[in-house]
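Take a look at the structure set out below.
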Amino acid sequence: MAFAGGLAAAGFDDRFDGSTLRVDLVHHGCASEEGYSLLELRREGAWAGSRVHLVDPTNLGCHQVRLYDLATNALIYSRGFCTLFGEWQATDEAKVLSRGFVEPVLLPMPKAPVQLVIAKRDRRNVFHQLHSQVIDPADANIRTDLRLSGTPIHVLKDAGDPATALDVAIVGEGYAAAEGDKCLADGRRFAAMLLAARPFDRYAESLSVRLVCPASPVTGPDEPLKGRHGASPAGCSFNTFGSPRYLTSEDGRAMRDLAGLVPYDALMVMVNFSRYGGGGIFNQFSIFVSDNEYDDYVFIHEFGHAFAGLADEYYTAGMAEEYYPPGVEPWEPNITVDPVNLKWKALVPPEVPLPTPAEARYAAAVGAFEGGGYREKGIWRPAQDCRMFSKSYQEFCPVCMAAIESVLKLYTQ
Ligand SMILES: [Zn+2]
């Protein structure tokens, strides 16, 4: 196991050829076991990610993908991410059944053979290796064909060179062939919302938004409880893991085939529907509906999960989900189990006590307020209200804002 390889010393062009390597993996297992199997390797278009920040400095994510140069064992690229499979492992179904989810991973295409490693945190947040394989960029089995070419594409905002822009791909989902104009109008509306939302507004010059509008055989996503299985292009469905409002796609390949028609760092799926729902998984996807009264809130909230690994700050009275093990500091930047030695202490004014009582005089303060991460007790959040806390509030708290900005810099520098 080669976790301790040296940091990348050579430049991007020495190591990588400028295109994108997509590794389609099947993440499989049950509640107590998991592993990865290779499905397919693909060469896609120009690498849209940073050419400077190759080794991930953020330590965000439940999993990490790492590339080691095979000749020198140097760590040349890494990124954190989370998975839908990881959430599924906590369900009752995973106690009695094994399943597999297709999880593509995007990487800069290496010039020389590499070792690909996928690692995962345990309940105490220590990383362990789950998968390892060698990838030779000269392998003739690396596919180069573009599926779905001919799908309509619209550039909604162009910030130039993808290497120094945050490139957002919005995939329109559940738009029938006659709804192409609606897809474009909806895409423009959400692109404008993103560009106006703090702190993204301050980076608007470095933000590109491209829209992919495949024609769907049906309007809207699947609704299994209503017997709707419509084969929409990105495979989106309500009722993920039995939760009526949880709208995701288990078809990572379909989403990535569509998004891969444009250069992208962040994948959004815009679902043509009016029922409340959405989902966001860190460095995988954010999914939102187009026509709900809370659509602006869901859109940005889910992107908070998907883009910056933000935790939900909400809970309800009596809630005591075991999603975050007691006593283990979550890797998410906006919740903590330690309200005294606080990881966001630099943002707390000296007059604010820690932990902080939920009183009106601290309504706008950064502190440590008990309740968050689906628990009423034992987890603290940075502010009384935030986009990650309630669906009526229209700003991120300062801690979430700072976390988003640190990730924005990874893409725009
Ligand atoms: Zn927050």
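The values are calculated or read from the model by the stated rules, or taken from the named source; none is laboratory data. These figures come from a predicted structure and were not determined experimentally. Neighbour counts run over all protein chains shown; Cβ positions are idealised from the backbone, glycine included.
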**Asked** Within the stretch 323-330, can one find any residue that is surrounded by fewer than 19 Cβ atoms within 10 Å (Cβ to Cβ), within 20 Å of the chain's Cα centre (by Cα), in the same structural domain as Cys183 (by TED's automatic domain parsing) and not β-branched (Val, Ile, Thr)?
**Response** no
**Fill in**
Among (1) in contact with a Lys or Arg (Cβ under 9 Å, 6 or more places away or on another chain); (2) buried (at least 24 other Cβ atoms within 10 Å of the Cβ), Met319 falls short only on (2)
**Prompt:** Of the residues that make up the stretch 372-382, is at least one within 10 Å of the ligand (Cβ to nearest atom), surrounded by fewer than 22 Cβ atoms within 10 Å (Cβ to Cβ) and not in a strand (DSSP E or B)?
**Reply:** no
**Asked** For the stretch 163-175, how many residues meet the condition of being modelled with pLDDT under 95 and either crowded, with 23+ Cβ neighbours inside 10 Å or closer than 26 Å to Ser216 by Cβ (or both)?
**Response** 0
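Scan the stretch 132-150 and tell me whether some residue there is among the polar types (S, T, N, Q), closer than 23 Å to Arg15 by Cβ and part of a strand (DSSP E or B).
Among the residues of the stretch 132-150, at least one is among the polar types (S, T, N, Q), closer than 23 Å to Arg15 by Cβ and part of a strand (DSSP E or B), which makes the answer yes.
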**Message:** Of the residues Gly180, Gly220, only one is of a type outside the set (A, V, I, L, M), at pLDDT below 95 and surrounded by 16 or more Cβ atoms within 10 Å (Cβ to Cβ); which?
**Reply:** Gly220
**Prompt:** Just wondering, is there one or more residues in the stretch 233-250 that are of a type in the set (Gly, Ala, Ser) and within 16 Å of the ligand (Cβ to nearest atom)?
**Reply:** no
**Request:** Please specify each residue of the stretch 255-286 satisfying the condition of being touching a Phe, Trp or Tyr at 6+ places or on another chain (Cβ under 7 Å) and part of a helix (DSSP H, G or I).
**Result:** Met255
**Message:** Checking Glu395 against (1) among the charged types (D, E, K, R); (2) more than 14 Å from the ligand (Cβ to nearest atom); (3) outside any helix (DSSP H, G or I): exactly one of these is not met. Which one?
**Reply:** (2)
**Request:** For the stretch 289-301, name all the residues that are within 18 Å of the chain's Cα centre (by Cα) and surrounded by 22 or more Cβ atoms within 10 Å (Cβ to Cβ).
**Result:** Val289, Val298, Phe299, Ile300, His301
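One residue is enough: does the stretch 307-314 have a residue meeting the conditions in a loop (DSSP other than H, G, I, E, B), more than 26 Å from Asp265 (Cβ to Cβ) and either modelled with pLDDT of 95 or more or more than 13 Å from the ligand (Cβ to nearest atom) (or both)?
No, the stretch 307-314 has no match at all.
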**Complete:** Okay, strands (runs of 3 or more DSSP E) sitting entirely in the stretch 34-124 with 2 or more residues that are among the aromatic types (Phe, Trp, Tyr) and either in contact with a Ser or Thr (Cβ under 8 Å, 6 or more places away or on another chain) or under 30 Å from Glu405 (Cβ atoms) (or both), I get 75-81
**Request:** Exactly one condition in (1) at pLDDT below 95; (2) surrounded by 13 or more Cβ atoms within 10 Å (Cβ to Cβ); (3) in the same structural domain as Ala112 (by TED's automatic domain parsing) is not met by Gly5; state its number.
**Result:** (3)
